[in-house]
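Reviewing the structure listed below.
No lab work stands behind these numbers, since they all come straight from the coordinates. Only a predicted model underlies this, so the values are computations on that prediction, with no experimental measurement involved. Here the Cβ positions follow ideal geometry from the backbone for every residue, glycine too, while neighbour counts run over all protein chains shown.
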Amino acid sequence: MKTFWNNLRPLEKRLVVGVAAMLFVILNAWFVVPHFSDWGRVQRRTQQAINTLNLFETTVRQVPALEQQVKRLESEGLAVPQEEQAIHFSTTIQSQAAQTGVAIQSTSRISTRTNQFFVEVSQTIVVQSKEQQLVDFLYNLGSGNSLTRVRDLTLHPDQSHQQLSANVKLVASYQKKSVGRAAAAAAPAPAPKPAAAPARPVTPVRESAQPPAKTTPPPPAKTSVPPARPAAPNNKPAANKPNTL
């Protein structure tokens, strides 16, 4: 390479250097320059991850306080059965109106809406009273642990301009009966399992000597005896015996 460089003329050397410089610039513009913003992008993502981590850690530290607040709010609500909530809501409004001297002109139909934790019961009423009586009526409804509040309120004087006529939309929140807790409460307690019987000790079985095999005597051999042949008749004449006197 050095010999090749020394053999080049000055003009050729300048041309080679210029071409190499131009090639270097083109490669940098093609591969390096588009990634100049990567460092800034990495820094932004790092900062975003740090902010998210700090938010999560702050929220986790607040979990005990939030759990206590949820328990406090649950204990504030009245334990009213779901089938009696509408009656309880209507009775509360009428009793407070009678105590404070507020005249109920008309009432709307009670509507019920359920969310994840509470059953919300609402009703719109038209009342007529003086200013102090109306204030006492609304204050008594919201005091205590009834969780009753005013959502909408419209005021205008009556025809005689002696009292106030108000359209009030009242909302009360009752605890929702948890299905999981109700099922757990209604489920019968599991029957206790009987104690397992103690395992009997296994006694090793000794190999007893095998009894001698019974030998069956062989059956007696059958001998066939041929039947006796009858004696041949003696056809020979008897010898003449001498006659004796």
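See the values below:
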read-out	value
Label point distance in nm, K169-S95, each placed 7 Å from Cα along Cα→Cβ	2.7 nm
Distance between modelled label sites at V60 and V32, nm, 7 Å Cα→Cβ extension	4.3 nm
Gain on full stretching of the segment that runs from S143 to K176 - 0.36 nm per residue minus C-alpha separation	9.8 nm
In order through the range 147-160: 3J(HN,Hα) via Karplus (6.51 cos²θ - 1.76 cosθ + 1.60), integer Hz, x for Gly, Pro	6, 9, 9, 9, 8, 10, 9, 10, 10, 7, x, 6, 5, 8
Charge tally in the Cβ shell below 15 Å around G18, where Lys, Arg are +1 and Asp, Glu are -1, G18 excluded	+2
Gain upon complete extension [S108, L153; 0.36 nm per residue less C-alpha separation]	14.7 nm
